[in-house]
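These notes concern the structure reproduced below.
The values are calculated or read from the model by the stated rules, or taken from the named source; none is laboratory data. A quick note: this is a predicted structure, and the numbers were derived from the prediction, not measured. Cβ placement follows ideal geometry from the backbone for every residue including glycine, while neighbour counts extend to all protein chains displayed.
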Amino acid sequence: MNKKGRLPFFVIGIVSVYFLSILSINIAAPDEVIEPENFPTNCPEDSLNCSMIGPNPHRSENLTELRINSSLEEVMDEVRRWIDSQPGTEVIGDWQGQTHSVFRTLMFRFPDDFVVMGFCEDGDAVLHIYSKSRLGVSDLGVNKARILSFNDYMSNVEMATSYCT
């Protein structure tokens with residue numbers, strides 16, 4: 001068989017390996033919705049693939065919350081707007097005070113969970129954020145960058161001032 005005759009088999013082989021890799025990733029890390037009563041309280045100790053802004057901050061510059069002087073409804077609408085503006089995202093769970101989305105990498109579609117929980121406290125809307133890769137030991141800083149980017153966005157976006165109840 002000449003070189004030209006082998007090329008289609010080579011291409012089919014590469015494409016097959018790619019699709020088998022994506023299938024394997026989807027089987028190894030299926031979507032499991034994190035419901036409000038199961039919001040994670042912390043990241044695994046010494047984790048390099050999880051970041052959290054919350055009572056037990058992890059890889060988040062020790063931020064323990066995002067506090068916004070607005071209604072919870074308006075804040076959660078803005079959370080959803082930010083998520084919708086990000087590439088490769090899909091919301092898989094949405095409640096009044098929490099949203100769970102999945103961010104997928106472009107090439108191999110590795111899934112990262114991104115969960116935002118909001119509640120009212122002392123008249124402010126308070127957010128806790130959890131972002132974790134489902135597979136692997138390290139996320140190469142992606143989840144930390146994601147929650148810090150989200151923090152920057154939420155800290156600078158214009159929202160009507162109101163009392164959160």
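For the stretch 51-67, give me each residue that is closer than 14 Å to VAL116 by Cα and assigned to a strand (DSSP E or B).
Residues satisfying the conditions are SER51, MET52, ILE53, LEU66, ARG67.
Name the single residue, out of those in the stretch 1-55 being without any contact (Cβ under 8 Å) to a residue 12 or more places away in the chain and of a type in the set (D, E, K, R), that is nearest to LEU106 (Cα to Cα).
GLU32
So, in the stretch 115-131, exactly how many residues are out of contact with any Pro (no Cβ under 9 Å at 6 or more places or on another chain), under 15 Å from TRP82 (Cβ atoms) and of a type outside the set (Ser, Thr, Tyr)?
Residues flagged as out of contact with any Pro (no Cβ under 9 Å at 6 or more places or on another chain), under 15 Å from TRP82 (Cβ atoms) and of a type outside the set (Ser, Thr, Tyr) within the stretch 115-131 amount to 5.
Output the number of the condition that ASP84 fails; it satisfies all remaining conditions of (1) assigned to a loop (DSSP other than H, G, I, E, B); (2) more than 15 Å from HIS128 (Cβ to Cβ).
Result: ASP84 passes all but (1).
Of all residues in the stretch 68-92 being small (Gly, Ala, Ser) and surrounded by fewer than 17 Cβ atoms within 10 Å (Cβ to Cβ), which is modelled with the highest pLDDT?
Checked the stretch 68-92; the qualifying residue modelled with the highest pLDDT is SER85.
Mind listing just one residue for me: the one in the stretch 87-125 that is of a type in the set (Gly, Ala, Ser) and in a loop (DSSP other than H, G, I, E, B) and, of those, nearest to SER21 (Cα to Cα)?
Looking at the filtered set, the residue picked out is GLY88.
Looking at (1) of a type outside the set (Val, Ile, Thr); (2) under 14 Å from ILE53 (Cα atoms); (3) out of contact with any helix residue (DSSP H, G or I) (no Cβ under 7 Å at 6 or more places or on another chain), which is the one condition that is false for GLY141?
Unmet for GLY141, out of (1) of a type outside the set (Val, Ile, Thr); (2) under 14 Å from ILE53 (Cα atoms); (3) out of contact with any helix residue (DSSP H, G or I) (no Cβ under 7 Å at 6 or more places or on another chain): (2).
Against the condition over 18 Å from GLY54 (Cβ atoms), assigned by TED's automatic domain parsing to the domain that holds CYS50 and either in contact with a Cys (Cβ under 9 Å, 6 or more places away or on another chain) or surrounded by 18 or more Cβ atoms within 10 Å (Cβ to Cβ) (or both), how does PRO111 come out, does it pass?
yes
Looking at GLY118 and the list (1) at pLDDT below 95; (2) over 27 Å from ILE14 (Cβ atoms), which single condition is not satisfied?
Single failed check for GLY118: (1).
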